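Scroll down for the structure; my scribbles are underneath it.
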Amino acid sequence: MESNEYKELKKKLLSGRKNGYDRVGGDYQARMEAYCAGYMAYLDAGKTERLCAAETVRLAEEKGYRPYVRGMELKPGDKVYLNNRGKSVLLAHIGEQSLAEGVQIAAAHIDSPRLDLKPTPLYEDGELAYFKTHYYGGLRKYQWVTIPLELHGVVALKDHSKVSVSIGTEPGDPRLVITDLLPHLGAEQSKKPLGEAVAGETLNLLLGSCPIGGEEESGRVKLAVMQLLNEKYGITEDDFASAELEAVPAGKACHIGLDRSMIGAYGHDDRVCAYAALKALLDLDKTPGKTAVCVLADKEEIGSDGVTGMQSAAFDTFLEDLCESQGVPVRVCFERSFCLSADVTAAFDPNYSDVYEKRNAAYLNYGVGLCKYTGARGKSGASDADAETVAYIRRIFDDADVIWQIAELGKVDAGGGGTVAVYMANRNITTLDAGVPVLSMHAPFEVVSKLDCYETYRGMKAVYEAV
C-alpha cells in the first residue's frame, strides 16, 4: 500500500482526536476569554448554593426572565424561572413546538463539597473559640486544614425573618482556619492512612482567642465571639439551631499557568457546567423549536435527595405546570424529551496516571467530555445511555462544530462516581452525561481548561437549539 493511500485510509477509518487548540482559529481566543471572564465572576459571586441561586436569578432577570406563577399563560418566546427555596433554580424558554414534542434539558448542580456548621457549633477549649463542623459531600479531609476559609449562609429567626451571614470576602474581613498538627509532633499521625490522618471531628474552625470579663469567669473567649456575632448580625447562640452556615475556601477564581490557559477555583464541580447550561440558555437569540429547560439543582454531592435535590418532585411539578398550560400530560412530554446531565468528569492527571485508563480518559483541551455511564464497579448506579442517545449527541455536536471527547471516570474498579443522570433517566427522559474535565476534583481548589469550559457552553447551546 502506498504511503498516501495508507494515510487516506487511516484518516478515513481511525479516530483523529486532536487537541482543541489545533482545531480553532480566528477570534476564538477572544470569545473564549470573554466567556471565561463571565464564568469566573459567577464563581466569585456563588460560593454556596444559595449565593449561586441568587446570582442565577439576577442574571436571568437581566435577560428578561420572570418568576413563574402557577396558572400563568405561556406562549412561545416566554422566559420563566422558578426559584426553589433559594437553593435551586429551574428556567424555561418556551419553544415554538408543543410540549407534547418534549423539551431539551440541561441539568447541572450548584452545590459543592464544603464544611457545614453543626446545629450547636460554638464552643471554647484551651481558651480558644471554635465552630464545630460536619463535612458535606465526598471531600478529602486533609485538604481542608491550614487554608483560609470564608463563612456564608443564613440564620432563620423565629419571627420569620432571615439574617444573611458573610465573613471573609470583603477587604479587611477576618478569615477562619482549621489548624493541623506540626511535623515535630506528627510522627503518629503520619503513620495513619491518608483518609484517617485528619478525623472529621477535628475539622473545627478557629474563631478567636481574646477573652472578655474577669479572669475568674469561664467561657470568656466563647462569649466574646458570640458578642461580636450578636453586634453584627443580632443573633444569639440558640439561633444556630435554625441556621445554614457553610465554610468554603477563601479567595477568588484565578488564571492558572504561565499561558493563562486554565482557571483555578473552588466549586468548579459543578458550577462550571451550571454556568454553561445557564449562559447557553440566556444567550439563545431566538425562540427555540422545542422548549429549552435549564435545571440547577442542589444536594447532588450527597445523593440528590431533599426538596431541592434532583430526586425532588419540584422538577416534575414545574414541568407538569408548564405542560398543563398547553393541555399536555407531563408523561408524554418526558418520553419525548432529552436531558444532557451536565456534570464534570475527571481529567487525566500524569501525576496519578495509575488510576486512569489512558485510552478512555478525558484530557484537558480536548473539549466537553461525554460519559456514556458513570457509577462504580460494574456500572452500579449508572443510567448507561444507549447507543442511539450517544449518536444523537455526536450529530448535534458535530453539526455545531463543538469540540468533544468521550471518556470514563478512571480505571475499572479504581473507584467511581454518580451524577443526576440516573434520576432524569428514571423519569423516562433520554439522558446522557457530559461536562468539563477537572483536575483535583472535590479539592478546595480545582483546575479546568478554558477551552473545555467554552466548548461545554457551546455544546449546551447546540442542545437547546436542536429540534
With bins of 10 Å, the percent of all Cα-Cα pairs of segment 129-179 per bin from 0 is 19, 44, 30, 7
Suppose a student asked you for the relative contact order of the chain, using Cα pairs under 8 Å spaced at least 6 residues apart; what percent would you report? 22
What does the accessible area per residue of the chain come to in Å², with a 1.4 Å probe and no ligands, DNA or RNA counted? 47
With n ≥ 4 as the cut-off for DSSP H runs, can you work out [θ] at 222 nm for the chain, using -39500 (n - 2.57) per run divided by the number of residues, rounded to the nearest 500? -8500 deg cm²/dmol
Which lysines have a Cα lying under 29 Å from the Cα of Lys279, excluding residues fewer than 8 positions away in the same chain? Lys18, Lys47, Lys63, Lys75, Lys79, Lys87, Lys252, Lys290, Lys299, Lys372, Lys450, Lys461
For segment 189-249 and segment 71-149, distance of Cα centres in Å: 24
Using a Cα-Cα cut-off of under 29 Å, which lysines could be cross-linked to Lys192, ignoring same-chain neighbours fewer than 8 residues away? Lys118, Lys132, Lys141, Lys411
Would you mind telling me the share, in percent, of accessible area of the chain contributed by carbon and sulfur at probe 1.4 angstrom? 51
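The values are calculated or read from the model by the stated rules, or taken from the named source; none is laboratory data. None of the values given here were measured: they were computed from a predicted structure. Calculation scope for accessible area: heavy atoms of the full protein, side chains included, ligands and nucleic acids excluded. Shrake-Rupley method; radii C 1.70, N 1.55, O 1.52, S 1.80 Å.
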